[in-house]
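Peer 1: The structure's right below; bear with me while I get my questions together.
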Amino acid sequence: MPLPAVAALLDLISKEVERVDPATLSAGFAALLAEAAGDTPAPALLRQLSAALRRHDRQPAADYERLPMAPWEAELKFGRIHRLWWWLESGEYEDFDEGVRAGVASEHPHGCRTALAALGAELQEALLLGAAAATAPWASPPALRAILGAVHAHVEEEH
């Protein structure tokens, strides 16, 4: 059913609920409406829902994939990328590239098919979603592309 039609029905029900004696409402309907409304008067809740549907019909909410990620969400979704911080920020390696090479090589030979493949997929997804900045402070798109390039180079050279 189109949203404007549902909104109109909610407005109509709101007016009817205000007009009639509450005792004349179906017991099941009255109980469900009271539960949904909580402390809000039922007609007011119905009008709020109607207004929300009209707003949504005029301007739909952004798709989930297009909403920016909070840092904690990115850390959960892109855990492999987030865990690279040690290789890149520990101070053990001279520069970013050396840290990347050491991190990728650390998975050889047993983790190449699993850990490196999963890391490559995670890097691709972070780049596609534009979630680089939320993933880790150092995770700019060029940095993610450099790590992805190192993963690909390792797989091509070693396997």
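Peer 1: Of everything in region 14-32, what is under 17 Å from Leu49 (Cβ atoms) and either of a type in the set (Val, Ile, Thr) or open to solvent by 90 Å² or more (accessible area, probe 1.4 Å) (or both)? Give them in sequence order.
Peer 2: Of everything in region 14-32, those that are under 17 Å from Leu49 (Cβ atoms) and either of a type in the set (Val, Ile, Thr) or open to solvent by 90 Å² or more (accessible area, probe 1.4 Å) (or both) turn out to be Lys15, Val17, Glu18, Leu32.
Peer 1: Give the residue that is farthest from the chain's Cα centre (by Cα), with candidates limited to residues of region 130-159 that are more than 21 Å from Glu98 (Cβ to Cβ) and open to solvent by 70 Å² or more (accessible area, probe 1.4 Å).
Peer 2: The selected residue is His159.
Peer 1: Now for a different question. Hey, does region 49-62 have a residue that's touching a residue at least 40 places away in the same chain (Cβ under 8 Å), crowded, with 16+ Cβ neighbours inside 10 Å and not in a helix (DSSP H, G or I)?
Peer 2: Scanning region 49-62, I find no residue that is touching a residue at least 40 places away in the same chain (Cβ under 8 Å), crowded, with 16+ Cβ neighbours inside 10 Å and not in a helix (DSSP H, G or I), so the answer is no.
The values are calculated or read from the model by the stated rules, or taken from the named source; none is laboratory data. It should be emphasised that the depicted structure is a prediction, and the values quoted were computed from it without experimental measurement. Reconstructed Cβ throughout: ideal geometry from the backbone, glycine too, with neighbour counts over all protein chains shown. Accessible surface areas use protein heavy atoms only, side chains included; no ligands, DNA or RNA. Shrake-Rupley method; radii C 1.70, N 1.55, O 1.52, S 1.80 Å.
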